[in-house]
Amino acid sequence: MALWGGLLTAALVSLFVYLGLWQWHKWETKTALQAELDSRSRDALVAMPATPVDAASLRFRRVVLAGEYDARRQILIDNRLYREQAGYHVVTPLRLAGSDRYVLVNRGWVAAPADHRVLPEAPVPPGPVTVTGVAVVPGTRFFNLAPEPTAGWATVWQNLDLERFRRETDLTLQPVVVQLDAAAPGGFERDWPRPDERADRHLSYALQWFGFAATSFGIWAFFLLRRRP
């Protein structure tokens with residue numbers, strides 16, 4: 001019995017430590033991203049280049065873009081919540097002045113109509129514009145609630161998939177998405193979430209899992225020592 005108890009304890013402790021480290025890593029990642037955003041957002045504005053750039057070099061930098069929006073390729077990212085209300089993020093490609101290169105601009109959140117079959121109004125500013133925002137690197141791994149359309153242009157997307165956008169539009173894109181500044185014209189609700197949002201929860205979970213590991217080992221040690229004459 002002591003052998004089986006030891007094996008069970010070892011398995012439980014290993015599992016709890018693994019889960020604790022997993023949550024700890026998520027906490028470290030989020031806090032590191034927030035620190036990078038806080039640091040880079042204080043730097044001077046960077047003019048968005050019309051030449052190819054490395055996404056990491058622009059991540060979390062405040063950028064300025066001059067060009068024209070392409071309303072034909074505007075998309076709505078579904079299932080975005082703002083103050084517990086469902087809606088969309090409005091993402092519009094902007095053609096950089098004097099080039100054929102585009103940047104996707106997230107112009108903010110709009111509420112979803114009661115009838116989900118009706119799309120909200122999201123007018124695009126006409127003509128040349130100059131806007132500022134923060135460059136973010138979009139994710140590449142997504143969870144889709146339903147299969148994405150495989151044919152034809154879809155206005156509503158479940159996730160902002162840069163590679164899919166490139167593939168379906170054949171536009172030359174910079175590898176970042178610009179979250180429009182709250183004071184910039186031509187946008188909607190722009191209360192952008194912080195990278196470290198709910199990071200404290202991950203830290204709390206990590207400490208809980210480590211506590212479970214210590215408790216499991218303590219219980220096993222207590223009964224093991226109690227059995228000794």
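The values are calculated or read from the model by the stated rules, or taken from the named source; none is laboratory data. Treat the numbers as computed from the prediction; the structure is a model and nothing was measured. Cβ atoms come from the backbone with ideal geometry, glycine included; neighbour counts cover every protein chain shown. When the accessible area is computed, the model is the full protein with side chains, heavy atoms only, and any ligands, DNA or RNA have been set aside. Shrake-Rupley method; radii C 1.70, N 1.55, O 1.52, S 1.80 Å.
Remarks
- Electrostatic tally near residue 94: other residues with Cβ closer than 11 Å to its Cβ, Lys and Arg +1, Asp and Glu -1, net +2.
- Within the assembled protein chains, the solvent-accessible surface assigned to residue 17 is about 50 Å², based on a 1.4 Å probe.
- Three-way shape call for the range 10-61 based on the alpha-carbon gyration tensor, with the a/c threshold at 1.5: oblate
- Cα-projected label distance for residue 115 with residue 154, points at 7 Å along beta-carbon direction, nm: 2.2
- R0 of 30 Å, Cβ-Cβ distance residue 18-residue 55: FRET efficiency to nearest 0.05: 0.45
- Whether the range 18-106 is rounded, prolate or oblate, judged on the alpha carbon gyration tensor where a/c under 1.5 counts as rounded: oblate
- Computed over protein heavy atoms with a 1.4 Å probe, the carbon and sulfur contribution to the accessible area of the chain reaches 59%.
- Rolling a 1.4 Å probe over the protein heavy atoms leaves residue 201 with an accessible area of roughly 120 Å².
- Selection from 34, 22, 102 lying farthest towards where the dipole of the range 1-103 points positive, charges on Cβ: 102
- Accessible surface of residue 219 - all protein chains present, 1.4 Å probe, nearest 10 Å²: 90
- Segments 206-218, 81-93, 47-59 sorted - mean Cβ within 10 Å per residue, highest first: 81-93, 206-218, 47-59
- In the chain, the longest principal axis of the Cα atoms and the axis of helix 199-227 are about 10 degrees apart.
- Helix axis angle, 2-40 relative to the chain longest principal axis, alpha carbon, degrees: 30
- Förster radius 30 Å - calculated FRET efficiency between residue 132 and residue 29 (Cβ-Cβ, nearest 0.05): 0.65
- Residue 170-residue 11 FRET efficiency (beta carbon distance; Förster radius 41 Å; 0.05 resolution): 0.20
- Annotation: per residue accessible area for the range 173-226 equals 61 Å², rounded to a whole number [probe 1.4 Å, protein chains only].
- Rg over Rh [alpha-carbon atoms, Kirkwood Rh] for the chain: 1.16
- Only Lys, Arg, Asp and Glu carry charge here, each on its Cβ (+1 for the first two, -1 for the last two); on that basis the range 32-132 has a dipole of about 100 debye about its Cα centre.
- Each helix, a run of at least 4 DSSP H residues, gives -39500 (n - 2.57); summed and divided by the residues of the chain, these come to -12000 deg cm²/dmol at 222 nm.
- In this Cβ point-charge picture (+1 for Lys and Arg, -1 for Asp and Glu), the chain has a dipole of about 860 debye about its Cα centre.
- Annotation for residue 85 and residue 198: the two label points, set 7 Å from Cα along the Cα-Cβ direction, are 2.2 nm apart.
- Considering only 131, 103, 13, the mean-square fluctuation computed in a Gaussian network model of the chain, springs between alpha carbons under 10 angstrom, is largest for 13.
- Furthest towards positive pole of dipole, 169, 46, 186, structure part the chain, Cβ charges: 46
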